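Enquirer: Dumping the structure here so I can ask a few things about it.
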Amino acid sequence: MSTLKHRILKNVFGFDEFRGQQEAVIDTLLAGRNVLAVMPTGSGKSLCYQVSALVSDGLTLVVSPLVALMRDQVAALKLSGVAAAAINSSQERDDNVAVWRDVAGGRVSILYLAPERLMTERMIAALQKLPVALIAVDEAHCISQWGPSFRPDYESLAQLGTLFPGVTIGAFTATADEATRNDVVQKLLGGDARVFVQGFDRPNISLTVVSKTSGPTQLLRFMADHQGETGIVYCLSRKDTEETASRLRAAGFKAIHYHAGMQPAAREAAQNTFMSETEVVVCATIAFGMGIDKPDVRFVFHLDMPGSLEAYYQEIGRAGRDGLPAAAHMLFGLGDIAQRRRFVEESNADDMAKRRDHKRLDALVAYAEAPSCRRQMLLAYFGESSGPCGNCDICRDPRELTDGSNEGRTVLAAILATGERFGPSHIADVLRGSETERIAQFNHARLSAFGSGKQLSRTNWLTLMRQMVGSGFLRIDVSGYGAMKLGPRAKGLLASEDNFLYRAETLRGGKRLRKKAEAAVQNDAPPELLTRLKALRRRIAEARRVPPYVIFSDRSLIDMASKAPKTEAEFAEVHGVGEAKLRDLAKAFLAEIQTG
């Protein structure tokens with residue numbers, strides 16, 4: 001058996017030796033034991049079941065999610081002299097009938113099928129009459145992630161063990177966290193399988209995450225440094241793929257689009273262009289990429305946030321398969337989080353699956369807001385430890401964290417004052433004291449929080465709120481149309497028992513803000529006056545039944561005590577004083593200052 005597998009490896013596939021865990025996976029399958037193999041892109045997963053199939057007597061079924069993937073693998077196997085075939089919807093009926101005759105006649109060793117085709121009563125009944133020796137499920141994570149909502153036939157693969165008793169089943173994927181691995185083993189492999197998890201690290205891929213300001217502009221800026229390279233730009237909607245490709249073409253790049261709504265012939269033409277030409281950029285939805293094995297993809301750019309760290313890992317894994325340097329660049333904004341949350345809530349998955357998807361999204365947000373090495377966090381998610389990588393944006397430019405607790409409490413105050421019913425844009429307008437239609441509609445100019453954050457730009461406040469979401473101080477209520485609500489850590493921040501640390505350099509003018517804040521804290525505010533101002537704040541807060549910080553932050557009181565304003569005009573210059581606070585609170589605090 002050992003001699004045969006090595007001979008097949010050399011003679012059929014042209015390799016002198018197995019890599020990584022390939023041989024162990026093959027030996028386990030040939031011993032008749034079910035396997036789940038989680039191996040990174042480019043590590044040769046398909047070779048595991050292909051060699052096993054050629055060593056075994058009988059037919060091997062390969063379940064594959066995409067026609068393009070089947071076609072490419074069958075073509076490659078045929079070129080290697082392997083009797084492989086596929087039955088799928090892209091072929092003429094006569095061609096499928098001819099393939100089946102070859103299968104039934106024992107002239108096919110490996111048969112590729114989509115789950116929808118396999119799990120029909122007619123196909124199952126026909127296959128049960130044949131000597132099926134092995135079933136390999138490619139992209140097996142789909143059983144866990146797609147089964148409940150997108151590909152119900154993937155979930156139905158759980159019946160394979162019962163339908164084909166005694167037949168060995170191998171599950172293969174490039175990405176699966178522990179929950180997904182457990183799900184696949186339980187659903188597909190009857191709870192009994194040997195699990196192989198090979199290292200996830202792709203050290204040649206440089207990781208970068210950037211705050212989304214203007215996606216199209218940021219993409220063009222990135223592309224200016226990647227002229228003449230092949231790459232993938234992932235977009236959330238079909239419309240975005242078309243508009244992005246058009247924008248890139250106008251800028252002089254060879255760009256095409258790809259999404260599931262295209263006619264089959266157009267999709268195939270786009271894929272063929274990408275696979276066969278150089279210096280081409282495909283702007284695509286997640287419909288593109290699974291099974292794509294183009295070695296010279298130099299970058300993957302996420303114009304919109306992916307759905308999970310697993311999806312992100314899989315998508316960036318399409319870059320740098322040749323082992324040469326490649327770039328993974330992701331834009332990240334609050335709107336992306338809200339939209340992803342909405343997708344989860346509107347899916348057909350059950351409550352347990354939705355909760356798990358939300359947790360996966362939480363992990364992605366935490367990755368995007370990582371204060372230290374991104375690769376460490378990414379690998380840790382998959383249960384792998386490592387040191388700082390030196391090849392992510394944070395390692396290249398270490399982030400200095402600044403205490404933004406006062407700013408965080410200012411945000412929380414505005415959210416509470418508006419009833420936790422509004423999205424980040426409106427909250428930013430409240431903080432800035434902007435006279436918008438919605439501000440007028442809801443009479444929010446009368447709130448004490450109105451204008452309390454004029455020291456920062458609107459963009460700055462949006463960035464801070466995004467970091468607060470990532471740190472657990474805020475959450476986005478999808479059922480409430482993206483309203484900002486207090487997160488699990490908000491209570492600790494309000495009680496000054498927790499600190500909000502932010503990456504100041506991500507704010508426009510962030511360094512200036514930090515210096516200004518430090519200067520305010522370091523001012524020699526008269527301690528006796530500061531004590532009296534805090535006491536007044538407490539009395540007003542108790543009377544209004546709100547936390548003291550809602551009235552004024554410590555930073556505001558320090559600034560107030562230092563400046564000791566005598567007029568309302570001077571009081572308006574105190575940090576955190578907006579029009580409403582000037583109107584509602586100036587007299588009381590000015591009187592307290594003057595009593596000294």
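The values are calculated or read from the model by the stated rules, or taken from the named source; none is laboratory data. From a predicted model like this one, the values you see are computed outputs, not experimental measurements. Using ideal geometry, Cβ is built from the backbone for each residue, glycine included, and neighbour counts are taken over all protein chains shown.
Enquirer: Applying the selection to the stretch 426-442, what residues are among the hydroxyl-bearing types (Ser, Thr, Tyr) and surrounded by 17 or more Cβ atoms within 10 Å (Cβ to Cβ)?
Expert: The first filter runs over the stretch 426-442 and keeps only residues among the hydroxyl-bearing types (Ser, Thr, Tyr), leaving 434, 436.
434, the sole residue that qualifies.
Enquirer: Okay, next question. Out of curiosity, is residue 370 under 30 Å from residue 327 (Cα atoms) and in a helix (DSSP H, G or I)?
Expert: no
Enquirer: As an exercise: evaluate residue 217 against (1) of a type in the set (Val, Ile, Thr); (2) in contact (Cβ under 8 Å) with a residue 24 or more places away in the chain; (3) closer than 30 Å to residue 469 by Cβ and give the number of the one condition it does not meet.
Expert: Only one criterion in (1) of a type in the set (Val, Ile, Thr); (2) in contact (Cβ under 8 Å) with a residue 24 or more places away in the chain; (3) closer than 30 Å to residue 469 by Cβ is unmet by residue 217, namely (2).
Enquirer: Now, a different point. Would you point out the residue of the stretch 19-57, among those that are touching a helix residue (DSSP H, G or I) at 6+ places or on another chain (Cβ under 9 Å) and either without any contact (Cβ under 8 Å) to a residue 24 or more places away in the chain or of a type in the set (D, E, K, R) (or both), that is farthest from residue 80 (Cα to Cα)?
Expert: Taking the candidates together, the pick is 27.
Enquirer: Do the conditions hold for residue 260, that is, is it under 24 Å from residue 304 (Cβ atoms), in contact with a helix residue (DSSP H, G or I) (Cβ under 9 Å, 6 or more places away or on another chain) and loosely packed, with under 14 Cβ neighbours inside 10 Å?
Expert: Yes; evaluated as a whole, the condition is true for this residue.
Enquirer: Would you list the helices (runs of 4 or more DSSP H) that sit entirely within the stretch 492-592 and hold 1 or more residues that are at pLDDT below 75 and among the small types (Gly, Ala, Ser)?
Expert: Details: elements: 510-522, 527-544, 548-551, 554-563, 568-571.
Once the helices (runs of 4 or more DSSP H) in the stretch 492-592 are filtered for at least 1 residues that are at pLDDT below 75 and among the small types (Gly, Ala, Ser), what remains is 510-522.
Enquirer: Would you point out which residue out of 304, 336 is over 15 Å from residue 205 (Cβ atoms), assigned to a helix (DSSP H, G or I) and not aliphatic (A, V, I, L, M)?
Expert: 336
Enquirer: Would the stretch 32-45 turn up any residue that is part of a helix (DSSP H, G or I) and buried (at least 21 other Cβ atoms within 10 Å of the Cβ)?
Expert: yes
Enquirer: Another question, if that's okay. Which is over 17 Å from the mean Cα position of the chain (by Cα), in the same structural domain as residue 315 (by TED's automatic domain parsing) and in a helix (DSSP H, G or I), of 377, 352?
Expert: Testing whether each residue is over 17 Å from the mean Cα position of the chain (by Cα), in the same structural domain as residue 315 (by TED's automatic domain parsing) and in a helix (DSSP H, G or I) leaves just 352.
Enquirer: Tally the residues that are within 16 Å of residue 167 (Cα to Cα) and surrounded by fewer than 24 Cβ atoms within 10 Å (Cβ to Cβ), restricting the search to the stretch 55-77. Break it down into steps so the answer makes sense when it comes.
Expert: First pass over the stretch 55-77, keeping only residues within 16 Å of residue 167 (Cα to Cα): 55-63.
Applying the additional criterion that residues be surrounded by fewer than 24 Cβ atoms within 10 Å (Cβ to Cβ) yields 55-59.
Adding up the residues that qualify gives 5.
Enquirer: Just give me the residues in the stretch 557-578 being buried (at least 17 other Cβ atoms within 10 Å of the Cβ) and either of a type in the set (A, V, I, L, M, F, W, C) or in contact (Cβ under 8 Å) with a residue 40 or more places away in the chain (or both), in sequence order.
Expert: Listed by number, the residues that qualify are 557, 558, 560, 561, 562, 571, 574, 575, 576, 577, 578.
Enquirer: Take residue 180 and decide whether it is in the same structural domain as residue 143 (by TED's automatic domain parsing), crowded, with 20+ Cβ neighbours inside 10 Å, of a type in the set (Ser, Thr, Tyr) and farther than 25 Å from residue 274 by Cα.
Expert: It is true that residue 180 is in the same structural domain as residue 143 (by TED's automatic domain parsing), crowded, with 20+ Cβ neighbours inside 10 Å, of a type in the set (Ser, Thr, Tyr) and farther than 25 Å from residue 274 by Cα.
Enquirer: Under the condition of being in contact with a helix residue (DSSP H, G or I) (Cβ under 8 Å, 6 or more places away or on another chain) and in a helix (DSSP H, G or I), which residue from the stretch 78-123 is surrounded by the most Cβ atoms within 10 Å (Cβ to Cβ)?
Expert: That would be 118.
Enquirer: Report yes if some residue within the stretch 214-237 is of a type outside the set (Ser, Thr, Tyr), at pLDDT 95 or above and over 24 Å from the mean Cα position of the chain (by Cα); otherwise report no.
Expert: There is no residue in the stretch 214-237 that is of a type outside the set (Ser, Thr, Tyr), at pLDDT 95 or above and over 24 Å from the mean Cα position of the chain (by Cα).
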